[in-house]
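For reference, the structure is listed below as structure tokens.
Please treat every number below as a calculation from the coordinates, not as lab data. Since the structure is predicted, the reported quantities are computational estimates derived from the model, not experimental observations. Methodologically, a virtual Cβ is constructed for each residue, glycine included, from the backbone with ideal geometry; neighbour enumeration extends over all protein chains shown.
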Amino acid sequence: MKLKWRGRLLFTLIIGLIILFFVQNPIGSSLLNIFNIGSSAPIPTELHPVVRERSNQLVQQAADKGIVIVITDDFRSAEDQDRLYEQGRTAAGSIVTHARGGESFHNFGLAIDFAIKTPSENVIWDMNYDGNQNGKSDWTEVVEIAKTLGFEWGGDWVQFKDYPHLQMNFGLTLADLQNGKRPADLSLTADTDEIK
Ligand SMILES: [Zn+2]
């Protein structure tokens, strides 16, 4: 009888310590983040800091090659996305997205769109333009740099090719993001240290 009581106490103590580990410990709480236990993370309202940093690096590294790029879009609220979705459908213009509000990485602050600016200050989406005249299209060069920085390119998509689009998924799918999962803080730090 006494042994059973002790066993129960020990069991409770261990469970308590495990809970304490997850709540108090940064590793534990980031594990909670990864598995998204207990909460639905809020929808971000701005570009993710790592994506912003990489965007700045992209602009800088393209400039080093004589290519001026402009980031034409980054974070988009679900409302902005819905408005964009109507373009080419119920509103004027051509279709630029197949994603409604909450269906794009832009809505989670994990995507940017770029374009190229010519010396005469024109913003262009010409994928053959070779402004720095090195025999390689500037667009291709920008995409190459973006990929080394960890971006996925919309031009590689099979179904709807989105050539100006770059996104970082941190190992998460759109469904993960919609279910409230967010990039874990620890993996971001590790990731940032990896690429300078
Ligand atoms: Zn985009």
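Relative to its residue count, segment 49-194 spans a Cα convex hull of 120 Å³ per residue.
Looking at segment 67-126, the GluC sites (Glu not before Pro) that sit in a DSSP loop and have at most 15 other Cβ atoms within 10 Å of their own Cβ are GLU121. Give me the percent of Cα-Cα pairs in segment 132-172 that sit more than 13 Å apart, rounded to a whole number. Roughly 55 percent, once rounded to a whole number. Couplings 3J(HN,Hα) for segment 164-174, derived from phi with the Karplus relation 6.51 cos²θ - 1.76 cosθ + 1.60 (θ = phi - 60°), are x, 8, 10, 9, 10, 9, 6, x, 10, 8, 4 Hz, where x marks Gly and Pro. Could you work out the mean projected area of the convex hull around the alpha carbons of segment 81-161, in square nanometres to one decimal? If you wrap the Cα atoms of segment 81-161 in a convex hull and average its projections, you get 6.8 nm². For segment 76-129, applying the loop criterion from DSSP together with a ceiling of 15 other beta carbons within 10 Å to the trypsin sites (Lys or Arg not before Pro) yields ARG89, ARG100. Loop-located chymotrypsin sites (Phe, Trp or Tyr not before Pro) in segment 79-111 (DSSP state other than H, G, I, E, B) with a sparse environment of at most 11 neighbouring Cβ atoms within 10 Å are absent.
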